[in-house]
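I have placed the structure first, in the form of structure tokens, so that the comments after it can refer back to it.
The values are calculated or read from the model by the stated rules, or taken from the named source; none is laboratory data. Because the structure is predicted, anything quoted here is derived from the model rather than measured. Positions of Cβ are backbone-derived with ideal geometry, glycine not excepted, and every protein chain shown enters the neighbour counts. For the accessible areas, the whole protein counts, side chains as well, though only heavy atoms, and no ligand, DNA or RNA atoms are used. Shrake-Rupley method; radii C 1.70, N 1.55, O 1.52, S 1.80 Å.
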Amino acid sequence: MEPIIEVRNLTKIFLSRRAKVTAVDDISFDVNRGEIFGMIGPNGAGKSTTFAMMSTLIKPTSGSIKVSGFDVEKEGDRIRPIIGIVPQQYSLYSDLTARENLELMGNLYDVPKKVMKERIEYYLKLVNLEAQADRFTGRFSGGMKQRLSVVSAVIHDPAIIFWDEPTTGLDPQTRQAIWKLARKFNTEGKTLIFTTHYMEEADKLCDRVAIMNVGKLVALDTPQNLKRASNSASLEDVFIHLTGEEIRD
Amino acid sequence: MNIKSELKKSWIIMIKEFKQIFRKKALMIPLFAFPLIMIIFFGYGMGGTVKNVDILVVNDDTGTASSSLVQEIGSFIPKYGDVKMFSITYTKDMGQSEAERKIDAGLYKAVLIIPQDYSERVAKNESVTLTLLTDSSDTTSSGIIINFMKQLFAGTAGSLVSLKIPDIYGKLEYLDFLTPAVIALTVFFGTVQSTGYAIAGERQDGTIVRIMMTPVSRGAVILGKTLHQLILQLARAVILILGATVILGVTMNGSWLLVALVLIIFTFGAVGLGIAMSAISEDMTSFQQLSLLFTLPSMFATGVFYPLSSVPDWMRWIAYTMPLTFANNAMRTIMVKGQGLAFIANDLIILIFFAIFYFGLGVYLFRREV
Ligand SMILES: Nc1ncnc2c1ncn2[C@@H]1O[C@H](COP(=O)(O)OP(=O)(O)O)[C@@H](O)[C@H]1O
Ligand SMILES: [Mg+2]
């Protein structure tokens with residue numbers, strides 16, 4: 001299998017006012033082309049930080065990442081056009097309409113006008129927002145925002161999609177809709193990497209799951225193998241087994 | 001990335017900023033009405049005194065009467081003050097138009113021209129006329145100087161000495177002094193606040209992350225935001241100046257192009273300052289506090305409401321550390337004195353330095369890492 005992302009000895013240390021936080025601690029893994037790759041781990045495990053480095057948003061303290069063969073630190077300009085990210089926050093302009101938010105993204109990604117128009121109609125329909133297309137997103141519910149946020153990240157037809165907690169806090173219907181989108185994008189050949197808190201989601205969707213804990217990668221395998229290895233019936237048990245029972249925030 | 005695509009991206013960002021600002025209906029009131037309200041309230045409610053005003057005495061007379069007159073002016077200390085009112089420079093053989101140029105250049109607040117035959121005529125009890133030119137663009141100072149001189153001549157040499165006071169900039173009032181500076185102040189506050197607040201907001205709601213993930217450069221984002229501010233602030237200045245001239249009868253003696261030039265340079269610096277401050281604040285609230293800390297003092301310390309010539313030295317030094325001081329000065333020189341580029345060159349150079357420094361700082365601090 002051909003890796004599309006290669007992470008090697010990746011470390012990120014944040015130096016905030018007083019504390020030194022090792023958010024990501026020497027992790028290495030590959031993401032294969034065309035797979036759905038899940039990252040799970042308690043709050044503060046370093047998932048979002050890893051995402052931010054893979055998507056060129058922040059620089060690693062040490063180690064390296066190659067995305068589609070390009071180095072994140074030196075060739076960010078080559079990487080950005082082929083990836084799409086859905087940040088952990090909704091990150092939509094609340095004073096622009098749904099359509100304007102999509103157009104802004106399309107324009108900044110240099111999507112040709114005609115193609116963009118078609119894609120916007122298509123995606124708005126796909127996530128069931130056609131009727132809300134010309135409303136300001138500030139008034140949208142969480143589910144509506146997330147659906148729009150998800151399609152904002154694919155308006156330029158990226159090969160790799162990053163979703164950071166796309167389903168957290170959403171109703172079951174919206175979560176179902178997002179899973180459907182994940183499968184759809186995947187059958188189109190896109191590589192999808194996402195983080196989640198919901199184990200059954202990782203279990204159902206992912207080809208492979210990485211489990212992170214306090215900055216370290218503690219396991220990486222298919223859901224089946226992970227369950228088999230720790231003799232657990234569910235991924236949740238594997239997770240608790242590997243990351244401990246204490247509650248973190 | 002080529003220039004055309006950079007400019008296209010800047011354009012996209014600019015359009016977005018305009019869409020956003022025009023949808024904030026509540027913002028239109030502070031944007032346009034507050035400055036006018038400020039001009040009206042302060043314009044009709046302020047006065048002042050002056051100290052150590054630089055005046056030039058052109059004395060072509062060699063007699064004793066003129067030298068005692070000059071001495072009297074030079075040693076005058078106002079009733080409740082402890083400092084001399086005037087700081088006198090002497091010269092002779094200077095025509096009225098040359099004297100006016102000295103005032104235009106801001107070298108003196110007033111010029112008193114004593115005719116050659118002053119002493120002789122006073123001795124013979126003949127009538128004589130002195131000419132007093134004042135910098136009426138600084139209405140506070142010139143009003144006080146004129147009052148002083150009138151009293152002086154009424155009291156001493158009798159009614160034979162009369163004073164001719166030509167209006168070199170036309171009839172002016174405090175409003176004319178105030179308005180150019182309020183425009184500069186408005187542009188400064190407006191730019192710093194709206195640029196910084198927008199970025200702090202985009203950081204807080206995560207939209208900046210999305211923008212930065214697209215193949216758009218930092219430079220293009222900043223340029224887009226700058227273009228937006230330039231257009232917005234210039235439009236605002238034009239509306240405010242027209243409003244002030246039409247509604248309040250404020251004087252606009254100078255070139256609109258020069259006003260635009262000053263404001264464009266000034267806006268660049270203010271955009272940079274707004275970006276820099278938003279870059280070091282964590283969210284919108286902390287930006288708000290930081291920006292007030294920076295902008296509010298310039299409102300009071302830079303001579304928007306009173307002439308800097310009448311404040312103590314230490315206050316003047318503080319004022320000279322603030323770019324608004326120079327913008328105020330340039331705006332007054334253009335709008336009230338109707339002067340050209342040569343007379344605002346010094347102010348412009350300082351404003352250009354300010355713009356380069358803060359714009360550079362803003363670009364530097366506005367990282368892709370958000
Ligand atoms: N910008 C930052 N500055 C300082 N510390 C940070 C920053 N971003 C994240 N952290 C810290 O890094 C650790 C990992 O955070 P994060 O990657 O967001 O975890 P997760 O997404 O798995 O919940 C946490 O301890 C968090 O507080
Ligand atoms: Mg996270």
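Could you tell me whether residue A:130 is away from every other protein chain (no Cβ under 14 Å), away from ligand 1 (no atom under 16 Å from the Cβ) and at pLDDT 90 or above? So residue A:130 passes the test. Pull up the stretch A:26-44, narrow it to residues that are within 12 Å of ligand 1 (Cβ to nearest atom) and farther than 14 Å from residue A:54 by Cα, then point me to the one that is surrounded by the fewest Cβ atoms within 10 Å (Cβ to Cβ). Filtering the stretch A:26-44 for residues that are within 12 Å of ligand 1 (Cβ to nearest atom) and farther than 14 Å from residue A:54 by Cα, the one surrounded by the fewest Cβ atoms within 10 Å (Cβ to Cβ) comes out as A:43. One residue alone among A:23, A:52 is within 16 Å of ligand 2 (Cβ to nearest atom), more than 14 Å from the chain's Cα centre (by Cα) and surrounded by 17 or more Cβ atoms within 10 Å (Cβ to Cβ), and that residue is A:23.
Counting only helices (runs of 4 or more DSSP H) that sit wholly inside the stretch A:184-249, those with at least 1 residues that are surrounded by 14 or more Cβ atoms within 10 Å (Cβ to Cβ) and modelled with pLDDT under 80 are A:235-243. Which condition does residue A:149 not pass, out of (1) within 16 Å of ligand 2 (Cβ to nearest atom); (2) within 14 Å of another protein chain (Cβ to nearest Cβ); (3) open to solvent by less than 40 Å² (accessible area, probe 1.4 Å); (4) out of contact with any Ser or Thr (no Cβ under 7 Å at 6 or more places or on another chain), if it passes all the others? Residue A:149 satisfies all of (1) within 16 Å of ligand 2 (Cβ to nearest atom); (2) within 14 Å of another protein chain (Cβ to nearest Cβ); (3) open to solvent by less than 40 Å² (accessible area, probe 1.4 Å); (4) out of contact with any Ser or Thr (no Cβ under 7 Å at 6 or more places or on another chain) except (4). Residues being free of Cβ contacts under 8 Å to residues at least 24 places away in the same chain, away from ligand 2 (no atom under 16 Å from the Cβ) and either in contact with a His (Cβ under 7 Å, 6 or more places away or on another chain) or among the small types (Gly, Ala, Ser) (or both) are entirely absent from the stretch A:28-38. Checking each residue in the stretch A:11-20 for being more than 16 Å from ligand 2 (Cβ to nearest atom) and in a strand (DSSP E or B) picks out A:11, A:13, A:15, A:20. Residues that are part of a strand (DSSP E or B) and either within 14 Å of chain B (Cβ to nearest Cβ) or among the charged types (D, E, K, R) (or both) within the stretch A:21-80 comprise A:23, A:25, A:26, A:30, A:66, A:67, A:70, A:71, listed in sequence order.
Within the stretch A:50-73, being modelled with pLDDT of 95 or more and within 8 Å of ligand 1 (Cβ to nearest atom) holds for one residue alone: A:50.
Residues that are in contact (Cβ under 8 Å) with a residue 40 or more places away in the chain, closer than 22 Å to residue A:159 by Cα and surrounded by fewer than 20 Cβ atoms within 10 Å (Cβ to Cβ) within the stretch A:112-134 comprise just one, A:126. Just one of the listed residues (B:220, B:200, B:235) is over 18 Å from the mean Cα position of the chain (by Cα) and open to solvent by 30 Å² or more (accessible area, probe 1.4 Å), and it is B:235.
Within the stretch A:97-109, if we keep just the residues that are touching a residue at least 12 places away in the same chain (Cβ under 8 Å) and under 23 Å from residue B:6 (Cα atoms), the residue that is farthest from the other protein chains (Cβ to nearest Cβ) turns out to be A:102. Highlighted here are the helices (runs of 4 or more DSSP H) found entirely within the stretch B:258-370 that include at least 2 residues which are touching a helix residue (DSSP H, G or I) at 6+ places or on another chain (Cβ under 9 Å) and within 22 Å of residue B:226 (Cα to Cα): B:284-301, B:323-335, B:341-365.
Here is a check on your reading of the model: is residue A:171 open to solvent by 20 Å² or more (accessible area, probe 1.4 Å), more than 14 Å from every other protein chain (Cβ to nearest Cβ) and modelled with pLDDT of 95 or more? Taking the combined requirement at face value, the residue does not satisfy it. Can you confirm whether the stretch A:235-245 contains a residue that is away from chain B (no Cβ under 14 Å), away from ligand 2 (no atom under 16 Å from the Cβ) and small (Gly, Ala, Ser)? Checking the stretch A:235-245: at least one residue is away from chain B (no Cβ under 14 Å), away from ligand 2 (no atom under 16 Å from the Cβ) and small (Gly, Ala, Ser).
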